[in-house]
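Here the structure comes first, spelled out in structure tokens, and everything after it is commentary.
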Amino acid sequence: MIEGHGDDSYKYQHPITANFSSNVYSKVDLTALKAYLCARIDAIGNYPEPEPYTLESRLADKYHLPADAVCVTNGAIEAIYLIAQTFRGTNTAILQPTFSEYADACRIHGHRVTSLYQLPAPEDGYLLPEEIRMLWLCNPNNPTGMVVNKEYLTELIERNSQVCFIIDQSYEYFTLQPLFTPQEAAEYPNVLLLHSMTKRYAVPGLRLGYITGDAGLLSRLRTHRMPWSVNQLAIEAGLHLLEYDVPNPLNVPAYLQETARLRDALEHLGSLEIWTTETHFMLVRLRFGKASALKEYLANEHGILIRDASNFEGLDEHFFRVATQTSEENDRLVEAIGQWLEN
């Protein structure tokens, strides 16, 4: 899906001064990274490594994994399409509502796609439909903010050994709920974890992600990977961020407390149903009116951008998603939505 994602401020002539539409927290201090990349700008005059071996090795060291258990990609998007291509024609299930690119990538590569709206209960033996051979789930999930319990997920994986589990943990940094570590996932022959440096470090323009998991599965993926898919500046950024991290890293517990405050403030407005979330973004349903109309009003009248969530499978024209920003911006959002509801 080329159109229909968040962060589409380019569509508006009115300046966007508060962006709630992207799940990237935009207030990370990237001054040191920018200076580092400027000092290495000459690197664009040479080809990067055909595969990003150096960065993969550094990530493997970080997680105490063999280098062949890490595959660096051009953002999580390349990882998604690479997996769909490698396992072309598979019977695939996707836990909905969720990120549309899983289904798009799978359909492009001939998968037979089934949408699931709930996972099997313990009393049903945790068993997935017999024909399913691949299951995609986003954890924490976009757009709902839900986290699948780790103990439950462990049972699900172990009781369905015939299924390859693709677990997108792009938002793993933004929850306090327990999730699989790369070491834990690599112990299973049927699990791949997706990770996003884009989300962790707020560098969406660099396109940088990676997959961790069973070395045998990753070996199959590498046979389909394009040479030079990760550019040299992205590799340099990844190496720098792993070594130095970022100044003043986000205080996640405090950020999630602000998320809870924003959720309560929106709920207090009335006429909104806010889904429970275990991360920094939340799904909201208008009891009346269209999310598209609210989005236009906020962008044109207040310079505020939200994500119209009506194009997620299983949702309708009343849904939108917001990601927590600063307390001042959050207050602006609540006040502006309140005005729209009154009018």
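The values are calculated or read from the model by the stated rules, or taken from the named source; none is laboratory data. This one's a predicted model, so the numbers in the text were calculated from it and none came from an experiment. All Cβ positions, glycine included, derive from the backbone under ideal geometry; neighbour counts span all protein chains shown. Accessible surface areas use protein heavy atoms only, side chains included; no ligands, DNA or RNA. Shrake-Rupley method; radii C 1.70, N 1.55, O 1.52, S 1.80 Å.
Here are the numbers for this structure:
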read-out	value
Computed Kirkwood radius, in angstrom, where 1/r is averaged over Cα pairs of the range 22-85	14.5 Å
Accessible-area order (highest first, 1.4 angstrom probe) of the listed residues LYS295, LYS150	LYS150, LYS295
Spacing of the two label points (7 Å from each Cα toward its C-beta) at THR181 and ASN300, in nm	5.2 nm
The chain, relative contact order [Cα under 8 Å, separation at least 6], %	25 percent
The range 11-151: Rg to Rh, with Rh as the Kirkwood radius over Cα pairs	1.04
Accessible surface ranking that places the most exposed of VAL113, VAL72 first, with a 1.4 angstrom probe	VAL113, VAL72
Column: log10 I(q)/I(0), Debye, Cα scatterers of the range 60-217, q = 0.11, 0.18 Å⁻¹	-0.39, -1.15
Within a Gaussian network of the chain (alpha carbon springs, distance under 10 Å), most fluctuating of PRO182, PRO122, PRO52	PRO122
Alpha-carbon spread of the chain, three principal axes, descending order, Å	58, 58, 35
Extension reserve of the HIS64-ARG107 stretch, reckoned as 0.36 nm per residue once the Cα distance is removed	12.0 nm
Sites ALA254 and TYR53, calculated FRET efficiency, Cβ-Cβ separation with R0 51 Å, nearest 0.05	0.85
Probe 1.4 Å, accessible area per residue of the range 132-186, Å²	33 Å²
4 °C / 1.567 mPa s Stokes-Einstein diffusion coefficient of the range 92-169, Kirkwood radius on C-alpha pairs, µm²/s	101 µm²/s
Heavy atoms of CYS38 accessible to a 1.4 Å probe, total area in Å² rounded to 10	100 Å²
Antiparallel bridge percentage (DSSP; both residues within the chain; nearest 5)	50 percent
Set of the range 24-62 residues, backbone N closer than 20 Å to the point 7 Å along the Cα-Cβ line of TRP228	40-56
Alpha carbon centroid spacing (whole Å) that separates the range 270-339 from the range 114-144	27 Å
Estimated inter-spin distance, ASN91 and GLN339, nm [label 7 Å along Cα→Cβ]	5.5 nm
Apportionment of accessible area to carbon and sulfur, the range 30-244, percent (1.4 Å)	53 percent
